[in-house]
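Computed from the coordinates by the stated procedures, all read-outs in this text should not be read as laboratory data. Since the model is a prediction, treat every value here as computed from it, not as a measurement. Backbone-built Cβ (ideal geometry, glycine too); neighbour counts: all protein chains shown.
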């Protein structure tokens, strides 16, 4: 149908529909803008939370590195460590007393490892509590006590150093257990 063949009624219906469509489009645009703003607010809050966690982790790592040998931490440093541990590690019992938490904050050390590393060997002293901040741990158990001392002598220097060998070569540390 040619444009000039439209009647005034056709033009009126068309303009009414166009007006309604325009209003619906405005409503749609408003909803899209509101949704985009909500997504931006949510993303910003998540990013700020993540940034705060990262900053907190780096502050605690710096405290631990700086005071590792001296164990002379200020109350402010202990408070930073306490807040980080409470917020990020669920392995610490909720029933821990303030004095126990202070002792933990004084005694905790940071041991950086690169890639796969041997953290401890079977037979090491049991006076250390390991908290793995990131990553996973594989356990190797030697059932024979006689071989345990041999492992300590031959592989003790591997502690906290990057391990570049294969999993099969790790079998010399014992039978692979839980991961």
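Neighbour counts of other Cβ atoms within 10 Å put 18, 170 in the fewest-to-most order 18, 170.
For the chain, the longest principal axis of the Cα atoms and the long axis of helix 98-107 meet at an angle of about 80 degrees. With the simple spin-label model, which puts each label point 7 Å out from Cα in the Cβ direction, the residue 48 to residue 120 separation comes to 4.1 nm. With N counted as the residues of segment 113-179, its alpha-carbon radius of gyration over 2.2 N^0.38 Å works out to 1.07. Put in order of Cβ neighbour count within 10 Å, fewest first, the listed residues 58, 120 become 58, 120.
Residue-normalised convex hull volume from the C-alpha trace of segment 31-110: 109 Å³ per residue.
Each label point was placed 7 Å from the Cα along the Cα-to-Cβ direction; for residue 76 and residue 150 their separation is 5.5 nm. Centroid-to-centroid, using Cα positions, segment 148-179 and segment 45-89 are 31 Å apart. Per residue, the average separation of C-alpha pairs within less than 8 Å and at least 6 apart gives segment 1-147 a relative contact order of 19 percent. Grab the beta carbon distance between residue 100 and residue 141, set R0 = 30 Å, and tell me the FRET efficiency rounded to 0.05. That gives a FRET efficiency of 0.50. Listing 102, 124 from fewest to most neighbouring C-beta atoms within 10 Å gives 124, 102. Rounded, prolate or oblate: pick one for the chain, where a ≥ b ≥ c are the square roots of the eigenvalues of its C-alpha gyration tensor, a/c under 1.5 means rounded, and failing that, prolate if a/b is larger than b/c, else oblate. Since a/c reaches 1.5 and a/b is larger than b/c, the shape of the chain is classed as prolate. Helix 75-88: angle to the longest alpha-carbon principal axis of the chain, degrees 0 to 90, nearest 10? So the inclination is approximately 70 degrees.
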